[in-house]
Every structure is written in C-alpha cells, then in structure tokens.
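The values are calculated or read from the model by the stated rules, or taken from the named source; none is laboratory data. A quick note: this is a predicted structure, and the numbers were derived from the prediction, not measured. Note that we place each Cβ from the backbone using ideal geometry, even for glycine, and neighbour counts take in every protein chain shown. Protein only, heavy atoms only, side chains kept; ligands, DNA and RNA dropped before computing areas. Shrake-Rupley method; radii C 1.70, N 1.55, O 1.52, S 1.80 Å.
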Amino acid sequence: MSAQFPVARPRRLRRTAAMRRMVAGTRLHPAELVLPLFVKEGIGEPNPIGSMPGVFQHTRDSLRKAAHEAAEAGVGGLILFGIPAVKDARGSAADDPDGIVQQAVADVVADVGDALVVMTDTCLDEFTDHGHCGILTSGGEVDNDATLERYAAAAVSQARAGSQVIAPSGMMDGQVAAIRAGLDADGFEQIPILAYAVKYASAFYGPFREAAECAPQFGDRNAYQQDAAGPVGEALREVRLDLDEGADWVMVKPALAYLDILRQVRDAVDVPVAAYQVSGEYAMIEAAAANGWIDRDRAIMESLVAIRRAGADMILTYWATEVAKKLQ
C-alpha cells in the first residue's frame with residue numbers, strides 16, 4: 001500500500017449498509033448450518049432444558065416438527081443425540097435396532113431426508129449409566145480398544161436406521177478406522193464419517209450434559225479429550241490420524257475458544273471442516289441477553305461470523321433454524 005491518509009480512507013467502504021454488504025468478506029448461508037437435536041425416550045411432551053433456553057429434549061413427534069421447521073428454513077443438516085429410558089455399563093441402547101436414536105433417525109429421514117442431511121452422533125456417554133464415553137476397565141478407566149467395537153456396532157445400527165452421516169465424538173484412538181471397517185463390512189461404503197477430530201475437555205459442555213443426561217458419575221474426560229494447553233501440533237496430529245483412517249471431513253469442538261485451532265486445521269487439510277458452537281457458548285449469550293447486558297441477535301450473528309471467518313465450512317449451532325430464517 002502506497003497511499004496514506006488523507007488519500008487513503010478505509011471508512012469509504014463502510015459508510016452504508018449496502019456498501020458493507022457488497023464488500024463483506026465473510027458470509028453465512030443456511031446450508032452451512034447444522035442443528036443439534038435431542039430426543040428422549042419415554043416422555044410425553046418436549047422437556048425444556050433449563051440451562052439452554054429455547055432448546056428441548058424432544059419426543060419423537062416434536063422432533064419431527066423441529067426437523068420440518070429446520071428443513072423449511074433451509075438448514076443444511078441435523079445431528080441427533082438420544083437419551084434412552086434405560087442405561088447400563090456398556091451402553092446397550094446405542095446399537096439397539098429399536099433404540100430411541102434409531103427410531104428417531106428413521107422418522108426424520110423419512111420426513112426430510114431429501115431436504116437436508118441427517119447425521120447421528122456416535123458415542124456411548126448418553127447410553128452408559130456411568131456417563132463416560134466408553135467401556136470401563138475394572139479400575140474405572142475407559143478401555144480404548146474395547147470401546148472401538150461398541151462404536152462400530154452403534155455406527156452400523158445408525159446406518160441401518162437411515163443415518164446419512166456418522167459422527168464419532170468419543171475421542172478414542174482408532175475410532176474412525178473401526179467405524180469405517182464396520183460400515184464397509186455391512187455394505188455402507190457410501191456413508192461418510194464426520195470425525196470429531198479435535199475435541200477439547202472443555203468447561204463449555206456443561207449445559208449439553210444436562211440436555212443429554214450424560215455427565216460422568218465420577219472423574220472427568222480429561223484422559224481422552226484434548227487438553228486446552230496440550231502440545232503444539234496435537235490438534236493437527238489428531239486430524240491427520242482421522243483422515244488417514246478414512247474420515248471424510250473433520251470437526252473442531254468447541255468453536256469460539258479455539259478459533260486459532262480451527263484456522264490451523266482449515267489451512268492444513270483439503271476436506272470440509274466443521275466447528276461446533278457448543279452449549280456453553282449458546283448459554284452465555286442467552287443468559288447475558290436475558291439480563292440486558294448484550295444485544296442478543298447481534299451477538300449471535302457476530303459469533304457465527306467469527307467461526308465462519310476462522311475457517312469453518314459448516315457450523316453446528318443450536319440457533320441454526322432461527323438464523324437460517326433470518327438469512328433467507
């Protein structure tokens with residue numbers, strides 16, 4: 001740049017709303033948004049989640065309504081989380097062909113599966129009575145290799161029910177390879193895997209654990225989810241391992257506290273990159289807005305633009321339907 005003030009005036013391109021829209025370098029589109037939804041077995045009406053205003057544990061019927069609303073708004077996809085009526089140590093409901101997730105997937109795919117992409121979270125924490133993401137050893141640690149078999153079984157069960165994308169989130173070493181092998185052996189070579197490749201042990205998951213009823217009954221998940229202060233390059237190593245194992249796209253979770261990691265991943269890979277705007281991010285904005293401390297709508301859009309600008313090709317957000325309607 002050679003020109004300086006007063007010849008150079010960057011404000012010229014910010015003077016009007018029309019001018020700002022024309023030169024915007026970051027844009028949101030409804031198809032880039034994915035709506036997380038919770039469905040719970042054995043309830044008669046939607047159950048509001050106290051820490052996430054506007055978010056519910058759905059019945060199968062109310063889930064279908066939410067899916068229709070998202071499709072009509074142009075949302076790109078849904079990702080389903082299930083809460084079974086009965087939990088046990090091995091998460092038996094995760095691969096039950098008549099389980100709540102499997103039934104909900106079949107419902108939603110039949111209704112809107114041609115209008116948007118129906119994804120399923122593939123983990124065990126929602127299904128185990130201890131709340132951890134895998135099978136436990138006698139000493140109470142998560143057994144990585146024993147858990148892989150359960151993930152593969154759950155993924156195959158979800159695919160049989162109609163899931164169009166399998167999204168493993170447990171952060172077990174080798175989970176993508178195990179799931180890819182299981183899907184391929186069962187004739188689901190065409191089903192893509194969205195890997196939660198970079199998932200941190202975050203304080204921002206608190207409201208989600210209320211929604212999915214999956215808080216650990218003892219200890220924490222620090223031994224398998226990534227450390228926020230972990231080794232430099234760990235995130236990219238996880239991404240490369242998942243891609244080598246057959247992941248079709250990758251995810252960074254949470255989003256806002258890890259925009260630097262998201263940018264690194266986006267620059268390093270040639271596959272789509274997703275980011276999850278997690279429950280704590282949602283709850284903070286909603287709570288601050290409810291107290292009159294921030295402009296809710298502006299804060300929502302600013303946060304999503306930041307995630308998109310950092311490199312996300314798609315964003316998982318609980319505001320997906322609301323924002324998609326505004327973008328239409």
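Table: residues versus (1) closer than 14 Å to residue 29 by Cα; (2) among the hydrophobic types (A, V, I, L, M, F, W, C).
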residue: 275; (1), (2): no, yes
residue: 279; (1), (2): no, no
residue: 291; (1), (2): no, no
residue: 295; (1), (2): no, no
residue: 299; (1), (2): no, yes
residue: 307; (1), (2): yes, yes
residue: 313; (1), (2): yes, no
residue: 319; (1), (2): yes, yes
Q: Tell me which of these residue 181 doesn't satisfy, since it passes every other one: (1) in contact (Cβ under 8 Å) with a residue 60 or more places away in the chain; (2) open to solvent by 30 Å² or more (accessible area, probe 1.4 Å).
A: (1)
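Would it be correct to say that residue 234 is over 20 Å from residue 273 (Cα atoms), touching a strand residue (DSSP E or B) at 6+ places or on another chain (Cβ under 8 Å) and acidic (Asp, Glu)?
Criteria not met by residue 234.
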Q: Looking only at the range 185-202, decide whether some residue is in a helix (DSSP H, G or I) and farther than 17 Å from residue 167 by Cα.
A: yes
(Q) Name the residue that is farthest from residue 165 (Cα to Cα), counting only residues in the range 14-31 that are touching a helix residue (DSSP H, G or I) at 6+ places or on another chain (Cβ under 7 Å) and in contact (Cβ under 8 Å) with a residue 24 or more places away in the chain. (A) 26
Q. Do we have residue 145 as among the acidic types (Asp, Glu) and either touching a residue at least 60 places away in the same chain (Cβ under 8 Å) or open to solvent by less than 10 Å² (accessible area, probe 1.4 Å) (or both) here?
A. no
Q) Can you find a residue in the range 11-34 that is under 29 Å from residue 147 (Cα atoms) and in contact with a His (Cβ under 7 Å, 6 or more places away or on another chain)? A) no
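In the range 213-258, which residues are of a type in the set (Asp, Glu), surrounded by 13 or more Cβ atoms within 10 Å (Cβ to Cβ) and at pLDDT 95 or above?
234, 238, 242, 245, 248
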Q) Mind checking whether some residue in the range 60-71 is open to solvent by 10 Å² or more (accessible area, probe 1.4 Å), acidic (Asp, Glu), in a helix (DSSP H, G or I) and over 30 Å from residue 218 (Cα atoms)? A) yes
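Among 131, 113, which is the only one that is open to solvent by less than 10 Å² (accessible area, probe 1.4 Å) and closer than 28 Å to residue 150 by Cα?
Criteria check complete, one pass: 131.
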Q: Report, by residue number, each residue of the range 97-110 that is open to solvent by 10 Å² or more (accessible area, probe 1.4 Å), touching a helix residue (DSSP H, G or I) at 6+ places or on another chain (Cβ under 7 Å) and in a loop (DSSP other than H, G, I, E, B).
A: 97
Q) Hey, any hits in the range 276-291 for a residue that's surrounded by fewer than 21 Cβ atoms within 10 Å (Cβ to Cβ), among the polar types (S, T, N, Q) and outside any helix (DSSP H, G or I)? A) yes
